[in-house]
Amino acid sequence: MDDLNSYLRSLVVGLKEKVPLINGEYVTAINFDNAATTPPLKSVLEEVVNFIPWYSSVHRGTGYKSILSSDLYEEGRTVIKEFVNADKTGDTVIYTKNATESINLLAYMLAQDNDGNEVVLTTLMEHLANDLPWRDKFQVDYIGIDSCGGLLLEDLEMKLRKYRGRVKLVTVTGASNVTGYKNPIDKIAGLTHKYGAKLLVDGAQLVPHCPIDMKGYDSPEHIDYLVFSAHKMYAPFGLGVLIGPKEIFERYQPVYRGGGAVKLVSQRFIKWDSAPYKYETGTPNVIGVVALVAAIRALTAIGMESVYNCEKELIEYAAEGLASIPGMRLYGAESDERIGIVSFSIEGVYHRLLAKALAGEAGIAVRSGLFCAHPYVERLMGITDEELEFYKENPGVPLPGLIRVSLGLYNSFQEIDDLIDSLGWIVRNKATCLEEYQRIIDAVPGTSWRYKVRRETP
Ligand SMILES: Cc1ncc(COP(=O)(O)O)c(C=O)c1O
């Protein structure tokens, strides 16, 4: 594992960067916020730099560079489909800017033939990206969770029966961005299809961390639609994807309108291009595609099973270490089916202060708050509707939340040891230490440590 970890670390950009602490010293940054975004792979940056001299307009040009750029852009769809085993001929890839836009795009499409009676079944454990786009377009019902935050499959089946014939879509996250729980996608797909509905998997947290198989159309466990973001899988530059059946995408009108999405326009008519082009209006993100393809090639060479196993070993080690901290409550340590995410709270310590203190004392980046999965975290924390009303009506009151540690393939046992040591130190010294961070949070810009970070990064 040590050799493998050193090798994996050698693939990633920015792991040696030093960041300032509150006392003015510099330490090597530790990043446990990979669920938000991952650092790039070196091979991704190399591919982008190699491609840049050839970068040109896509689809419309006749010059050599334009043809090359267009070919890479189109070949990207094949590479992406192969990576997730999408249907070779039936499925297509629509390029977007991230998973959020992909889900919104699908929602706007599917809403076009909603007769007003259709239902979308989502879950109580979703990121807001897979909740809010549906609310104003369909009747939405939420598949429940158990007291540990796991999805209740019997509730899914109950709701599929209840709304039989009206369910436009079942949409679930492949893995939670809060607890790291991996959902049983095969079973969910089987149930969804048994009741004649279609399935969207939000793969934003799943695709970068473990193997995924959309399976053939003839499999009852087939995934109908899949979305994910390149920036969460080591390929920045702003690309997302929506994968699904071309034949279904052909049925709908484009959501964004303009050049590149049409075959012919007169003052009287618009003849739209076919899918996926009619959904990719304007000048597309060819650099984003080059980056994602490079990331997919690198991840495939490592092996997604290896990525999953390495991160699993690390997160189990982290959960064990965290459990030893006095006052610790872990969310997401119960299930064996999980990716490298665990969230926690420490009794008597405000989440935001703790996150600030980890950065200011040890250069460790974690995330704190509700992680854009408000209803899920509120449920996990047992926050009542009355309490939520209170927070809504009193915007000055600090919001509740958790701390999240999320891993990438390059994180190490040593980094986890540093996290546990730092947390232990902060908890032991919380009376004096956290007061200091409260002052930082309260400070006006210009005197705060945040300001200093921006000014003094070497
Ligand atoms: C489960 C899940 N879905 C969707 C998203 C949205 O991804 P993006 O911000 O790349 O659109 C996130 C982001 O954290 C996520 O964790």
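Filtered by the rule that a residue be among the β-branched types (Val, Ile, Thr) and either touching a Gly at 6+ places or on another chain (Cβ under 8 Å) or at pLDDT below 95 (or both), the stretch 356-383 gives 377, 383. Condition first: in a loop (DSSP other than H, G, I, E, B), touching a His at 6+ places or on another chain (Cβ under 8 Å), free of Cβ contacts under 8 Å to residues at least 60 places away in the same chain and surrounded by 21 or more Cβ atoms within 10 Å (Cβ to Cβ). Can you find one or more residues in the stretch 399-419 that meet it? Yes, the conditions are met somewhere in the stretch 399-419.
Among residues of the stretch 16-41 being away from the ligand (no atom under 16 Å from the Cβ) and under 21 Å from the mean Cα position of the chain (by Cα), the one that is farthest from residue 369 (Cα to Cα) is 41. State yes or no: is residue 362 free of Cβ contacts under 8 Å to residues at least 60 places away in the same chain and over 29 Å from residue 109 (Cβ atoms)? No, not satisfied.
Between 95, 108, 163, the distinction of being within 30 Å of residue 294 (Cβ to Cβ), away from the ligand (no atom under 13 Å from the Cβ) and at pLDDT 95 or above belongs to 95 only. Among the residues making up the stretch 20-35, those that are at pLDDT 95 or above and touching a helix residue (DSSP H, G or I) at 6+ places or on another chain (Cβ under 8 Å) are 27, 30, 32, 34, 35. Residue 215 meets all of the listed conditions (1) surrounded by 19 or more Cβ atoms within 10 Å (Cβ to Cβ); (2) more than 16 Å from the ligand (Cβ to nearest atom); (3) closer than 29 Å to residue 406 by Cα but one, namely (1). Residues that are away from the ligand (no atom under 16 Å from the Cβ), assigned to a helix (DSSP H, G or I) and among the hydroxyl-bearing types (Ser, Thr, Tyr) within the stretch 348-393 comprise just one, 391.
Of the residues 188, 145, which single one is of a type outside the set (Ser, Thr, Tyr), free of Cβ contacts under 8 Å to residues at least 60 places away in the same chain, surrounded by 15 or more Cβ atoms within 10 Å (Cβ to Cβ) and closer than 22 Å to residue 379 by Cβ? Walk me through it before giving the result.
Details: 145 fails: free of Cβ contacts under 8 Å to residues at least 60 places away in the same chain.
188 is the lone residue from the list that is of a type outside the set (Ser, Thr, Tyr), free of Cβ contacts under 8 Å to residues at least 60 places away in the same chain, surrounded by 15 or more Cβ atoms within 10 Å (Cβ to Cβ) and closer than 22 Å to residue 379 by Cβ.
Is there a residue being within 16 Å of the ligand (Cβ to nearest atom) and surrounded by 15 or more Cβ atoms within 10 Å (Cβ to Cβ) anywhere in the stretch 261-281? Full working, then the answer.
Residues of the stretch 261-281 that are within 16 Å of the ligand (Cβ to nearest atom), as a first pass: none.
The answer is no, given that none of the residues of the stretch 261-281 is within 16 Å of the ligand (Cβ to nearest atom) and surrounded by 15 or more Cβ atoms within 10 Å (Cβ to Cβ).
Of the residues 69, 57, which single one is over 26 Å from residue 204 (Cα atoms), crowded, with 19+ Cβ neighbours inside 10 Å and away from the ligand (no atom under 16 Å from the Cβ)? Spell out how you get there, then give the answer.
Details: 57 fails: crowded, with 19+ Cβ neighbours inside 10 Å.
Step by step, each of 69, 57 is checked, and only 69 is over 26 Å from residue 204 (Cα atoms), crowded, with 19+ Cβ neighbours inside 10 Å and away from the ligand (no atom under 16 Å from the Cβ).
Scanning for something within 30 Å of residue 232 (Cβ to Cβ), at pLDDT 95 or above, within 16 Å of the ligand (Cβ to nearest atom) and of a type in the set (Gly, Ala, Ser), does the stretch 404-425 turn up at least one residue? So far as the stretch 404-425 goes, yes, one or more of its residues are within 30 Å of residue 232 (Cβ to Cβ), at pLDDT 95 or above, within 16 Å of the ligand (Cβ to nearest atom) and of a type in the set (Gly, Ala, Ser).
The values are calculated or read from the model by the stated rules, or taken from the named source; none is laboratory data. What you are looking at is a predicted structure, and each value in this text was computed from that prediction instead of being measured. Ideal geometry is used to build each Cβ from the backbone, glycine not excepted, and the neighbour counts take in all protein chains shown.
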